[in-house]
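Presented below is the structure to which this report refers.
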Amino acid sequence: MELFEEQKILQEIASGKIEAFEQLFIVYQPKLLSFLTGLTHDKEISRDMAQDLFVSLWNNRKRLNHIQSFSPYLFRMARYTVYDYFDHLVVSQKYTNEYLKENSEFISEEEKLFVRELQEIINITVSNMSPQQSRIYRMSREDGLSNGEIATILGISKRTVENHLTAALSILRKVIYLLLISLSS
């Protein structure tokens with residue numbers, strides 16, 4: 001899409017024209033979905049993120065009048081959305097681990113058994129990952145190292161660490177999801 005045409009469409013969207021928004025969606029949604037999937041390695045989560053981003057664009061459409069180039073703006077929003085998503089995962093995992101440690105005397109034997117079995121499944125899954133992916137996951141989750149620290153220790157870029165960690169978390173999410181589905185059946 002040419003810059004002039006893009007500027008015109010953004011102005012139309014800012015004024016509330018749904019047809020212009022649909023046109024922008026048709027052009028950018030596949031690219032955005034591909035970009036997000038490349039970062040998260042999870043199509044379902046990426047679809048949700050893409051939908052949320054476009055809803056946010058529509059809800060804040062008046063701001064689009066001031067955008068010089070839409071593509072960089074959209075992909076910057078997407079990148080921050082992915083960062084927020086993984087930050088939330090890390091916080092959630094740390095909170096869950098702390099909660100389990102602090103409340104272990106209140107957890108039933110059945111729940112403790114489930115937690116041990118789940119941890120064993122996670123350990124097996126991590127050990128079946130590529131050596132680099134497994135090592136990075138363990139350094140992050142078990143040793144508590146930051147992505148920057150891992151990159152320095154391994155002599156690789158921080159982005160490479162993030163990619164390995166993203167892929168590892170995606171694999172674990174799928175395994176845990178399948179486990180929970182099998183338990184609910």
**OP:** Mind telling me which of the residues Leu145, Leu178 ends up being modelled with pLDDT under 90 and in a helix (DSSP H, G or I)?
**Re:** Leu178
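Being modelled with pLDDT under 90, over 24 Å from Ser140 (Cα atoms) and assigned by TED's automatic domain parsing to the domain that holds Ser170 is true for just one of Glu44, Glu111. Which residue is that? Explain how you work it out, then say what you get.
On the way: Glu44 fails: assigned by TED's automatic domain parsing to the domain that holds Ser170.
The unique qualifying residue is Glu111.
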Subject >> Single condition Arg116 does not satisfy, out of (1) over 15 Å from the mean Cα position of the chain (by Cα); (2) of a type in the set (Lys, Arg); (3) more than 20 Å from Leu10 (Cβ to Cβ); (4) at pLDDT 85 or above >> reply: (4)
**OP:** Scan (1) more than 16 Å from Leu118 (Cα to Cα); (2) free of Cβ contacts under 8 Å to residues at least 24 places away in the same chain for the single condition Leu165 breaks and write down its number.
**Re:** (2)
Subject >> Residue that is nearest to His41 (Cα to Cα), among those in region 139-161 that are without any contact (Cβ under 8 Å) to a residue 24 or more places away in the chain and buried (at least 17 other Cβ atoms within 10 Å of the Cβ) >> reply: Asn147
**OP:** Filter region 126-172 for residues that are on the phi > 0 side of the Ramachandran plot and touching a Lys or Arg at 6+ places or on another chain (Cβ under 8 Å) and give the result.
**Re:** none
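Residue by residue, here is whether (1) surrounded by 12 or more Cβ atoms within 10 Å (Cβ to Cβ); (2) on the phi > 0 side of the Ramachandran plot holds:
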position: Gly16; (1), (2): no, yes
position: His41; (1), (2): yes, yes
position: Ser46; (1), (2): yes, no
position: Asn59; (1), (2): no, no
position: Ile67; (1), (2): yes, no
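The values are calculated or read from the model by the stated rules, or taken from the named source; none is laboratory data. These figures come from a predicted structure and were not determined experimentally. Heads up, the Cβs are rebuilt from the backbone with ideal geometry, glycines too, and the neighbour counts pull from every protein chain shown.
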